[in-house]
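Here's the structure, in structure tokens; my notes come after.
FYI, it's all coordinate maths here, none of it is from the lab. Since this is a predicted model, take the numbers as computed values, not measurements. Methodologically, a virtual Cβ is constructed for each residue, glycine included, from the backbone with ideal geometry; neighbour enumeration extends over all protein chains shown.
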């Protein structure tokens with residue numbers, strides 16, 4: 001707690017909503033990783049639907065106690081990203097499925113409310129997505145020829161059995177009905193579990209021994225991530241797919257063979273799918289069915305070679321997609337790309353993932369056996385929620401002991417001070433008390449001739465710098481006025497900011513790197529207070545300022561690049577929320 005306020009976002013603390021979502025997403029991920037591996041290894045039919053049903057029961061039941069909007073999709077995003085810890089090279093499909101299911105449930109509950117209809121419709125849509133995505137994935141893998149192949153097979157079956165209805169849609173509608181019923185059943189179980197949950201006393205959390213995460217990424221030689229390789233992968237995969245779609249078979253071999261070889265040599269995980277017997281059995285089956293469907297099943301057609309080529313084309317497309325997606329999935333794990341989250345609306349996501357990764361081993365260790373899960377799911381979910389509440393209390397305690405630093409970066413004259421003035425107005429409008437200084441530029445005939453220092457709290461303005469040596473560059477061309485310097489030092493004195501919730505420093509630059517200017521006051525504020533600091537820094541000096549003051553955990557906003565000023569101010573203002 002900072003002067004009656006709490007941090008909504010920080011490197012060590014995240015909002016209550018994200019804490020809850022991170023733990024729920026972690027449990028969902030634990031079920032996907034442990035139970036999913038078990039079901040898939042045993043070749044249990046509809047294993048994906050079983051995992052979806054478990055997730056729906058958890059999400060619906062917890063909403064009876066935590067009536068928070070946005071919990072479902074956040075948990076889904078966390079779970080999907082935690083799936084990258086799975087040893088499988090195929091991560092895009094499961095990740096897309098998990099996120100889609102959570103968003104469908106979220107959308108239904110937003111539309112119909114936390115009602116019977118909201119939960120039933122949302123669960124039916126989420127469960128049915130398994131079939132929809134499967135169809136979409138097959139079409140992506142094998143191309144439009146797969147639709148023709150399916151149509152010809154169903155037409156052939158209709159002729160053989162003298163069926164009078166539309167056989168093209170019948171199997172799909174039958175499967176869709178099964179999925180929808182399965183989803184409705186999961187929703188009912190989730191609602192019953194939720195009602196029992198709120199009528200039972202809170203579960204106690206027993207400590208568990210941490211274990212190594214199954215399927216975790218093995219430590220070894222670090223992979224050499226490369227943005228250039230990412231761009232090259234996109235070009236190679238897209239180009240190969242275009243060649244497969246628009247050219248003759250001879251060019252398929254010329255293009256696809258070398259591309260697959262290059263990607264497999266760089267991305268060893270890409271080989272896993274291709275080395276499985278099941279893939280090659282499917283390869284042969286698709287080719288044979290294509291030859292039959294496009295020749296023998298069509299009256300007057302004798303071009304068996306044409307049917308075989310269609311089958312080979314479909315399979316080469318599948319090979320390209322499998323290897324290409326494995327390559328892209330690997331490069332997208334690049335820390336540089338993941339760090340971009342810190343500059344977007346999802347900046348809390350990396351923090352939630354950090355919390356999830358820390359809790360995943362204990363969550364897996366705490367998972368019950370199958371018999372217990374079936375016999376008493378209420379106690380399991382109750383224990384899970386108790387664990388979340390316990391962790392939430394720990395996070396709040398950690399937040400209370402940490403100070404927050406926000407950096408607004410940008411080039412000289414690109415609006416940092418204007419952004420800070422808008423921020424001051426925004427904070428005051430939220431009854432949040434800002435302190436500190438603003439450096440107001442003085443411009444004459446388009447030339448910067450000096451700066452005045454404005455004490456944000458008192459409103460006192462004093463001259464700080466005046467242009468004295470225009471023939472040179474840098475801060476040395478200005479003469480520093482003691483009046484402005486003392487005014488700023490007083491405004492930044494920790495003793496004068498005991499009632500401030502935020503202290504603004506405009507700006508930290510060359511003087512501070514030399515130990516002059518506001519350097520001493522910044523160090524005092526960091527060492528002696530828990531007050532949130534907002535510091536303006538030239539873009540080229542951000543790394544040096546962070547290193548000098550030991551604020552590598554600062555959140556950096558780049559003025560005028562990633563977002564407009566209004567959005568930037570809204571986001572920074574939202575970091576501090578009145579309790």
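A few remarks follow.
- For residue 543 and residue 175, the difference between the fully extended length at 0.36 nm per residue and the C-alpha to C-alpha distance is 126.8 nm.
- Among beta bridges identified by DSSP and lying wholly in segment 403-578, the antiparallel ones come to about 45 percent.
- Added length on full extension, which subtracts the Cα-Cα distance from 0.36 nm per residue, residue 288 to residue 96: 66.0 nm
- Peptides ranked, highest mean first, by Cβ atoms within 10 Å: ranges 229-238, 103-112: 103-112, 229-238
- Segment 403-578: projected area of the alpha-carbon convex hull, averaged over directions, in nm²: 9.7
- Here the label points at residue 110 and residue 250, each 7 Å from Cα along the C-beta direction, are separated by 5.4 nm in the simple model.
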